[in-house]
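Derivation of every value follows stated rules applied to the coordinates shown; laboratory data play no part. Bear in mind the structure is a predicted one, so any value in this text is a computation, not a measurement. Because the Cβ atoms are built from the backbone with ideal geometry, glycine has one as well, and the counts that use them run over all protein chains shown.
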Amino acid sequence: MLERRLLLVAATVVLAAACGDSTGPAGPNAVAVRNNQFAPAALTVAPATTVTWNFQEGTHDVTFEDGAGNSARNQSGGNHTRNFGAAGTFRYRCTIHSADFTSGMVGVVTVQ
Ligand SMILES: [Cu+2]
């Protein structure tokens, strides 16, 4: 009986550790948005992949150079997704924390 209870406690701790960390890596095909950075800043995916931006800290946006698939202007939590259908290079930035697509809070998704 005690063993079963200990097992339950151990399983709960493992589950809490897996679910509770909102500042860790965002996962495959995902970008963490925090500390005025996109992490990873450069992501390569296959065609037809949906990429998820996970807003973990601060207020930011995801604005693409091609003008498609942008997030809300001032997003401070939750997720934003864009599906990339065809191959290409898709630069994006946070308009709050960068002036152009080459410096500041910028990122790129390469679809190949
Ligand atoms: Cu920002």
So what J values fall out for the stretch 46-63 if you push phi through Karplus, 6.51 cos²θ - 1.76 cosθ + 1.60 with θ = phi - 60°, rounded to Hz, Gly and Pro as x?
7, x, 6, 8, 9, 9, 10, 9, 9, 7, 10, 7, x, 10, 9, 8, 10, 10
The set of residues whose placed amide H lies less than 5 Å from the amide H of residue 44, leaving out same-chain residues fewer than 5 positions away, is 110
Amide H proximity to residue 38 below 5 Å, modelled H, separation 5+ or other chain, gives 106
Highest to lowest packing among 51-62, 35-46, scored as the average C-beta count within 10 Å:
51-62, 35-46
Under 5 Å between amide H atoms, partner at least 5 residues away or on a different chain: which partners does residue 52 have, H built in plane at 1.01 Å?
30, 31
